[in-house]
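Asker: Let me give you the structure first, and then I'll get to my questions.
The values are calculated or read from the model by the stated rules, or taken from the named source; none is laboratory data. What you see is a predicted model; the values in this text were computed from it and never measured. Positions of Cβ are backbone-derived with ideal geometry, glycine not excepted, and every protein chain shown enters the neighbour counts.
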Amino acid sequence: MTLAPGPDERADSDPPEVPGFRTWRGLYLFVFGWFVLVVVLLTAFTAIFS
Amino acid sequence: MNVADWIVLLGTLVGIAAYGAWRTRHIRSLNTYLRGSASTGWGTIGLSVMATQASAITFLSIPGQGFESGIGFVQNYFGLPLALIIVCVVFLPMYRRLNVYTAYEFLGQRFDDKTRLLGAGLFLLQRGLAAGVTIYAPAIIISTVLGWRLDLVIVCTGLLVIIYTVTGGSEAVALTHKWQMTMISAGMVTALVVLLHRLPDGLGFTGAAHVAGALGKLQAVDFSLDPSRRYTVWTGVFGGLFLSLSYFGTDQSQVQRYIGGASLREGRLGLMFNAVLKIPMQFVILLIGALLFVFYQFAPHPVFFNQAEWRRHAADGRFAALEARHADALAQSQSAIRAWLAARASDDATREASARAAMVAANDRTDAIRADARAALASADPRAKTKDSDYVFITFILSELPHGTIGLLVAVMFAAALSSKAAELAALGTTTTIDLWRHFRPLAAADEGRNVRVARRFTAMWGVVAVAFALFAGFAENLIEAINILGSIFYGVLLGLFLVAFFLRRVGGSAVFFAAVAAEALVIVMYFSLNIGYLWYNIIGCAACVAFSLVLQAVLPPRVRADEVRAR
């Protein structure tokens, strides 16, 4: 089956228009880094209070 | 609740519902009715995705879970940010490119009609069963605590959500979600602030956190590899990833929240908004539960928080004895905690260790009495509800918050119920219209007005089904786990269907269809015969569906494969 290209296909390579981020990949990396930071902070929280 | 509480409760709930219905009363376009306004921005999409997932159970059960078992449940959400990134990269662009109304339409375009119907059927079965729970869960707890009639609460909640969802469809759902989520956030922050102010003088947040931690309530992460443990980092990251990927990528109640909107960018940013905020939000809700635990170490409280259930059996002499033992144990526990706090401040490690051991022992005695209370209830009436953790937060709200804010917090519970219910009804109505009704009546697709009318009727029908289900069905006591378990049984296979569709381009419709049926049977058999954390069933169902698809594609008769190639 051939999927017809739609209007949003080009938008895939468009910048996210979020200050500080030129590409979507950069934004995803930031979110992933935030997740890692949250897990590290929760680990520290557990170590401090448990 | 006094007049001020009632004004806040009814004003906010009815006001938001009326606003949603009034703003969307003129919708005639099928696209707007099913996908929402084409100008919706990422903020509204993000709040709508959040409101859909955050049901009333989130705000009733999760603080109770923090109170009873600590904050380890937060690990359940560790897979969510990763799943949302995958949805942004793979699922969302494809849905928008194909311009589908439902996720299952995509299965039909990629495979065949029977696979589309299987996907839609799995969704309708799973979500249809859960639909009653999302109304019943808050209704049973709030009606029990406030002494309201359960059937009236269910019918009124159901009617309110049916009215605005049927009127404005997806557009009304998104509009009301924005305001409901704002109100929910304000209510939870208010509850947290009041809770911190109600802690004993000199204890503060840090002292309370140390007490909670010493008594085992603040273990947020557990790196254990024991597969029988329900919540660990590994079940959260891997099982949670699959559960979240299934939920956000293939569950129409979520897909419908983000496939509309002004552009692909808005949908993606709305999902990233959730990826960033979800774990901190769940952490705060669980932390409220852990702080409630500390609060109730210093404040008088019942041995069993579901007082309505307790009083039904209170004539038995054993119950008065249990209450007296609990009050005595609580006084000892308070003394032990104060002694430990003093020992900590003294910097004497030996004294601190001894005081900590005494505090833990005192807490164990209190826990044992609470366990005795549950056992006494069960022996007095085998059908008695013996789990009371869902009643902890609402008890605090009603007994400790000032009037006005009580109404606000009760409104929070109902707003959360309405928000998740509305998204479910819209999704069930949309899937029934697009994947069933239009499939069997393809000529009707051209008549847009008729499609909107039919979608409204199906949405109303599912609302009535959910209300009837809530009125007449009995549900598991731990409601949030019941929903998660139900989801884990079905979601893995559903996700498997989509992963095959996205990544295994050579696999055809017949192979994936029979693979999904076999994988679902396998998961159900395993659920009833094994004792493993239920999040693992997401991985097992998905992996089985993918593996069986590959095997069946290889062994299917050439004629079937040739038909599929022609069909494609």
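Asker: Tell me whether the stretch B:446-455 contains one or more residues that are buried (at least 24 other Cβ atoms within 10 Å of the Cβ) and within 21 Å of B:Val14 (Cα to Cα). First the steps, then the outcome.
Answerer: Keep residues of the stretch B:446-455 that are buried (at least 24 other Cβ atoms within 10 Å of the Cβ), which gives B:455.
Narrowing further to those that are within 21 Å of B:Val14 (Cα to Cα): none.
Looking through the stretch B:446-455, none of the residues is buried (at least 24 other Cβ atoms within 10 Å of the Cβ) and within 21 Å of B:Val14 (Cα to Cα).
Asker: Let me ask something else. Surrounded by fewer than 23 Cβ atoms within 10 Å (Cβ to Cβ), of a type in the set (A, V, I, L, M) and farther than 29 Å from B:Gly533 by Cβ: does that describe B:Leu203?
Answerer: yes
Asker: Further question on the same structure: For the stretch B:202-246, which positions are polar (S, T, N, Q) and under 26 Å from B:Leu84 (Cα atoms)?
Answerer: So in the stretch B:202-246, the residues polar (S, T, N, Q) come out as B:206, B:219, B:224, B:228, B:232, B:235, B:244, B:246.
B:Gln219, B:Ser224, B:Thr232, B:Thr235, B:Ser244, B:Ser246 - these are the residues of the stretch B:202-246 that are polar (S, T, N, Q) and under 26 Å from B:Leu84 (Cα atoms).
Asker: Just give me the residues in the stretch B:248-302 being of a type outside the set (Val, Ile, Thr) and part of a loop (DSSP other than H, G, I, E, B), in sequence order.
Answerer: B:Asp251, B:Gly260, B:Gly261, B:Ala262, B:Ser263, B:Ala299, B:Pro300, B:His301, B:Pro302
Asker: Which residue, of B:Asp381, B:Asp347, is on the phi > 0 side of the Ramachandran plot and acidic (Asp, Glu)?
Answerer: On inspection, the qualifying residue turns out to be B:Asp347.
Residues checked against (1) under 30 Å from B:Ala209 (Cα atoms); (2) more than 9 Å from every other protein chain (Cβ to nearest Cβ); (3) of a type outside the set (Ser, Thr, Tyr):
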residue	(1), (2), (3)
B:Phe67	yes, yes, yes
B:Ile71	yes, no, yes
B:Tyr77	yes, yes, no
B:Leu80	yes, no, yes
B:Ala83	no, yes, yes
B:Cys88	no, no, yes
B:Glu105	no, yes, yes
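Asker: Mind checking which residues of the stretch B:416-471 are of a type in the set (Gly, Ala, Ser) and not in a helix (DSSP H, G or I)? If you could, list the steps in order and put the result at the bottom.
Answerer: Taking the stretch B:416-471 and keeping what is of a type in the set (Gly, Ala, Ser), we get B:416-417, B:419-420, B:422-423, B:426-427, B:429, B:444-446, B:449, B:455, B:460, B:463, B:466, B:468, B:470.
Within the stretch B:416-471, none qualify.
Asker: Please count how many residues of the stretch B:106-138 are acidic (Asp, Glu) and under 12 Å from B:Phe498 (Cβ atoms).
Answerer: Qualifying residue count, the stretch B:106-138: 0.
Asker: Can you tell me which condition B:Ala275 does not meet? The list is (1) modelled with pLDDT under 90; (2) closer than 30 Å to A:Gly26 by Cα, and all the others hold.
Answerer: Going through the list (1) modelled with pLDDT under 90; (2) closer than 30 Å to A:Gly26 by Cα, B:Ala275 breaks only (1).
Asker: So, one more: Starting from the stretch B:496-508, take each residue that is outside the structural domain of B:Arg97 (by TED's automatic domain parsing) and list its partners that are among the hydroxyl-bearing types (Ser, Thr, Tyr), counting only C-beta distances under 6 angstrom and pairs at least six apart or across chains.
Answerer: These pairs meet every condition: B:Phe498/B:Thr250; B:Val500/B:Ser549; B:Val507/B:Ser549.
Asker: Would you point out the residue of the stretch A:1-47, among those that are modelled with pLDDT under 90 and assigned to a helix (DSSP H, G or I), that is farthest from B:Leu287 (Cα to Cα)?
Answerer: That would be A:Arg10.
Asker: Which condition number does B:Met94 fail, the rest of (1) under 16 Å from the mean Cα position of the chain (by Cα); (2) within 11 Å of another protein chain (Cβ to nearest Cβ); (3) not polar (S, T, N, Q) being met?
Answerer: Failed condition: (1).
Asker: Of all residues in the stretch B:198-214, count the ones that are away from chain A (no Cβ under 13 Å) and in contact (Cβ under 8 Å) with a residue 60 or more places away in the chain.
Answerer: Counting residues in the stretch B:198-214 that are away from chain A (no Cβ under 13 Å) and in contact (Cβ under 8 Å) with a residue 60 or more places away in the chain gives 4.
Asker: Based on this model, can you work out whether B:Ala130 counts as modelled with pLDDT of 90 or more and closer than 30 Å to B:Ile524 by Cβ?
Answerer: Taking the combined requirement at face value, the residue does not satisfy it.
Asker: In the set B:Ala358, B:Ala378, which member is in the same structural domain as B:Leu341 (by TED's automatic domain parsing), closer than 20 Å to B:Ile141 by Cβ and part of a helix (DSSP H, G or I)? Please lay out each step first, then the result.
Answerer: Values: B:Ala358 fails: closer than 20 Å to B:Ile141 by Cβ.
Going through B:Ala358, B:Ala378 in turn, just one is in the same structural domain as B:Leu341 (by TED's automatic domain parsing), closer than 20 Å to B:Ile141 by Cβ and part of a helix (DSSP H, G or I): B:Ala378.
Asker: Exactly one condition in (1) over 30 Å from B:Arg441 (Cα atoms); (2) modelled with pLDDT of 90 or more; (3) crowded, with 24+ Cβ neighbours inside 10 Å is false for B:Thr40; which is it?
Answerer: Among (1) over 30 Å from B:Arg441 (Cα atoms); (2) modelled with pLDDT of 90 or more; (3) crowded, with 24+ Cβ neighbours inside 10 Å, the lone unmet condition for B:Thr40 is (2).
Asker: Need pairs with beta-carbon distance below 6 Å; first residue modelled with pLDDT under 90 and within the stretch B:224-247, second of a type in the set (Asp, Glu); sequence gap 6+ or separate chains.
Answerer: Cβ pairs passing all conditions: B:Thr232/B:Asp222.
Asker: Now for a different question. For the structure I just gave you, tell me whether B:Ser244 is among the hydroxyl-bearing types (Ser, Thr, Tyr), within 14 Å of another protein chain (Cβ to nearest Cβ) and under 16 Å from the mean Cα position of the chain (by Cα).
Answerer: Values: among the hydroxyl-bearing types (Ser, Thr, Tyr): yes; within 14 Å of another protein chain (Cβ to nearest Cβ): yes; under 16 Å from the mean Cα position of the chain (by Cα): yes.
Here the answer is yes, as B:Ser244 does meet what is asked.
Asker: Can I ask one more? Tally time: how many residues in the stretch B:248-282 are of a type outside the set (A, V, I, L, M, F, W, C) and either within 13 Å of chain A (Cβ to nearest Cβ) or surrounded by fewer than 23 Cβ atoms within 10 Å (Cβ to Cβ) (or both)?
Answerer: Taking the stretch B:248-282 and keeping what is of a type outside the set (A, V, I, L, M, F, W, C), we get B:249-254, B:256-258, B:260-261, B:263, B:265-268, B:270, B:274, B:278, B:280, B:282.
Pick out the ones that are also either within 13 Å of chain A (Cβ to nearest Cβ) or surrounded by fewer than 23 Cβ atoms within 10 Å (Cβ to Cβ) (or both) and you get B:258, B:260-261, B:263, B:265-268, B:270, B:274, B:278, B:280, B:282.
Count: 13.
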